[in-house]
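For reference, the structure is listed below as structure tokens.
The values are calculated or read from the model by the stated rules, or taken from the named source; none is laboratory data. Computed from a prediction, not measured in an experiment: that's the story for all the values here. FYI the Cβ positions are ideal-geometry reconstructions off the backbone, even for glycines, and counts take in every protein chain you see.
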Amino acid sequence: MAGRIPQPFIDEIVSRSDIVEIIGARVPLKKSGREYKACCPFHSEKSPSFWVSPEKQFYHCFGCGAHGTVVGFLMQYEKLGFPDAVADLAERAGLELPREAQASRDPGGADLHEVMARASRFYEQNLADSERGRQYLQARGIDAPTGAKFCLGYAPDSWNALLNRFGAQDEDRRRLLQAGLIIERNSREGSRTPGFYDRFRDRLMFPIRDSRGRVLAFGGRVIDEGEPKYLNSPETPLFHKGRELYGLYEARQARTDFKRLMIVEGYMDVVRLHQSGITYAVATLGTATTQEHLNKIFRITSELVFCFDGDRAGRQAAWRALENALPLARDGRELKFLFLPEGHDPDTLVAAEGATAFENRLKTAVPLSEYLLQQLLPQVDLGSVDGRAKLKALAQPLFARMPEGVYRELLAERLAAEIRMPTGKLKELLFAAGAPKRHGAQNPEPAPRRHGRMSIGRGNLLTQAITLVLHHPAAARAVKEPETLGRVDRPGVSVLRDLLEQAVAVAQPSTAVLLERWRDRAEYGRLAELAMAEPLVADAQAAAQELQMAVEKLLEEYGPGRRMDELLRKAEELGLNYEEKAELSLLLKSKGRP
């Protein structure tokens, strides 16, 4: 997964990063002895099973099994790819990514972020110079400070304005194409002449930014009339519309504490709401709300309001949002639905009645549980047994998508009242073993633990040695001639040998540094378990002594000496074939025996 990012650079990033600081900025950690604990951010729980070790620079949840280094935490919590997680930590540490590392973030070998930044500045400058663009913003009621906050721009009414500015060379055009800013002509478009043209023309441009403020893509709103009304960038190496939310970067810049976030449908809705002081509005990018969107939101706040137009299309979008939200509907989270008067969207409504009146409407937002029942009840006749049975059948697949917890239990009680059936019996039917397997199951059985750690025992000599290296990497320097382990014929010894070599090669070895070197190898999961196991010894000096003794014993029991004894015994009892005689001869010479 490291791609072309040099391993020494990854080692340095992990060594310089403080995992307690990184996780503590996102999860409320509480000191417990030499470690820190918290309720796990990756599953719902009431008592802490999530532990962070500053000594090992490693985290582990004994409830759901989540574990890893500071790189792994950013990947899991922020939904970042490996290169982006490393880049984030490098920026925090004040280090510049090596050139080959920057190339690894862009499969084409170029930094597409710079391409998008230049395009954004180009569109902004065009808006400043365009009477047409400025008049459109003025007609929509968007002031200059708000336009600057969102870096709004204008794509000229030209087939090649961007192309002429940034596409002089073949490599430049390749990068523009990869970024989704230009389109290649083909015969289906009626052209026999090869070439390219700008994707966005005569449109108000909305830059779509990531959590660090970097432009990933654009949304373009047509000026006056035309189709499509909104045109988005295509999927690119930088941009995946099912992951990003328009306005989230600006919302986080406006405030750090969120009571709620509100999802609306359009870019202009977000801009106008922010201008009115409702800076917690975000929008999906022409797609239904996905679970990746919701996970991103629930890392920031526990309350989410879906705001839709009151027409048929708005209610259909609301139902799709409900279905996607069910696996994340759990205790402590509030999901609500707000429907606006027909003929209005957030942009026009906040302009008509002001921010205070608009926010007062949030008090009437319908909780997810109520909205679910509002949509199901009109489909059945509660006055008949058949109708009530149908209600249960309609509800069952929805309940199957929900995680266990108080929220689901209370909703089941509410449904039981409508069906006129004992709650316990309905729950038994709803949650029967034959029901569809639910998505996003929560609260798996915790692994056995003692004082916050697993115990591995001392029975397996090889496991003990590997655990000693993981817990006390500096102890590896005490092992004499670790290369002799290459002569040990036993599964797993190569892992110990590699760990010893890595621990000696790294300037500042730590548990996290070692584990990052195994991220893409099959043994990573088992090594991570051992990293959080009960310590075998208390300090590095004792670890060095035990590690040396373990290596010596491995060599004694499974090394060349054991094989030589086996061959000598067989020579006396049964005799040896040609290959065995040659092998014994080599072993005897290695021991200085004739």
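Among the listed residues Leu204, Leu216, Leu245, which satisfies the condition of being outside the structural domain of Ala168 (by TED's automatic domain parsing) and either buried (at least 18 other Cβ atoms within 10 Å of the Cβ) or in contact (Cβ under 8 Å) with a residue 24 or more places away in the chain (or both)?
Values: Leu204 fails: outside the structural domain of Ala168 (by TED's automatic domain parsing); Leu216 fails: outside the structural domain of Ala168 (by TED's automatic domain parsing).
The conditions single out Leu245.
Would you pick out the residues in the range 257-301 that are among the polar types (S, T, N, Q), under 24 Å from Pro234 (Cα atoms) and assigned to a loop (DSSP other than H, G, I, E, B)? Quick ask: steps written out before the conclusion?
First, the residues of the range 257-301 that are among the polar types (S, T, N, Q): 275-276, 279, 284, 287, 289-291, 295, 301.
Now restrict to residues that are under 24 Å from Pro234 (Cα atoms): 284, 287, 289-291, 295.
Passing the criteria: Thr284, Thr287, Thr289, Thr290.
Out of all the residues in the range 37-56, which are within 29 Å of Tyr249 (Cβ to Cβ) and either without any contact (Cβ under 8 Å) to a residue 12 or more places away in the chain or not small (Gly, Ala, Ser) (or both)?
Matches in the range 37-56: Cys39, Cys40, Pro41, Phe42, His43, Phe50, Val52.
For Gly226, are the conditions met, namely being surrounded by fewer than 21 Cβ atoms within 10 Å (Cβ to Cβ), modelled with pLDDT of 85 or more, at positive phi and out of contact with any Phe, Trp or Tyr (no Cβ under 8 Å at 6 or more places or on another chain)?
no
Determine which member of the set Pro341, Pro346, Pro378 is in contact with a Cys (Cβ under 7 Å, 6 or more places away or on another chain) and farther than 30 Å from Pro41 by Cβ.
On the way: Pro341 fails: in contact with a Cys (Cβ under 7 Å, 6 or more places away or on another chain); Pro378 fails: in contact with a Cys (Cβ under 7 Å, 6 or more places away or on another chain).
It is Pro346.
Name, by its number, the condition in (1) among the basic types (Lys, Arg); (2) modelled with pLDDT under 85; (3) more than 30 Å from Ser302 (Cα to Cα); (4) surrounded by fewer than 20 Cβ atoms within 10 Å (Cβ to Cβ) that does not hold for Lys79.
Here Lys79 clears every test but (3).
Applying the selection to the range 512-545, what residues are without any contact (Cβ under 8 Å) to a residue 60 or more places away in the chain, under 20 Å from Ser15 (Cβ atoms) and assigned to a helix (DSSP H, G or I)?
Those that are without any contact (Cβ under 8 Å) to a residue 60 or more places away in the chain, under 20 Å from Ser15 (Cβ atoms) and assigned to a helix (DSSP H, G or I): Leu514, Tyr524.
Within the range 492-507, is there a residue that is assigned to a helix (DSSP H, G or I) and at pLDDT below 75?
Scanning the range 492-507, I find no residue that is assigned to a helix (DSSP H, G or I) and at pLDDT below 75, so the answer is no.
With Phe122, Phe58 as the choices, which residue is touching a helix residue (DSSP H, G or I) at 6+ places or on another chain (Cβ under 9 Å) and modelled with pLDDT of 95 or more? Can you show your working first?
Values: Phe58 fails: modelled with pLDDT of 95 or more.
Just one listed residue meets the conditions, Phe122.
Sort through Arg333, Arg312, Arg272 and tell me the only one that's of a type outside the set (S, T, N, Q), more than 19 Å from Phe150 (Cα to Cα) and over 24 Å from the mean Cα position of the chain (by Cα).
After ruling out the rest, the residue left standing is Arg312.
Can we say Pro367 is exposed (fewer than 15 other Cβ atoms within 10 Å of the Cβ), out of contact with any helix residue (DSSP H, G or I) (no Cβ under 8 Å at 6 or more places or on another chain), modelled with pLDDT under 95 and farther than 24 Å from His293 by Cα?
On the way: exposed (fewer than 15 other Cβ atoms within 10 Å of the Cβ): yes; out of contact with any helix residue (DSSP H, G or I) (no Cβ under 8 Å at 6 or more places or on another chain): yes; modelled with pLDDT under 95: yes; farther than 24 Å from His293 by Cα: no.
Spelling it out, it is not the case that Pro367 is exposed (fewer than 15 other Cβ atoms within 10 Å of the Cβ), out of contact with any helix residue (DSSP H, G or I) (no Cβ under 8 Å at 6 or more places or on another chain), modelled with pLDDT under 95 and farther than 24 Å from His293 by Cα.
Any residue at all in the range 306-327 that's assigned to a strand (DSSP E or B) and of a type in the set (A, V, I, L, M)?
no
Counting just the residues of the range 195-212 that are among the basic types (Lys, Arg) and part of a strand (DSSP E or B), which one comes out farthest from Leu112 (Cα to Cα)?
Arg203
For the range 111-133: of the residues being within 35 Å of the chain's Cα centre (by Cα) and of a type in the set (Asp, Glu), which is farthest from Thr236 (Cα to Cα)?
Checked the range 111-133; the qualifying residue farthest from Thr236 (Cα to Cα) is Glu124.
With respect to Gly332, is the statement that it is without any contact (Cβ under 8 Å) to a residue 40 or more places away in the chain and either outside any helix (DSSP H, G or I) or within 24 Å of Ile142 (Cα to Cα) (or both) true?
no
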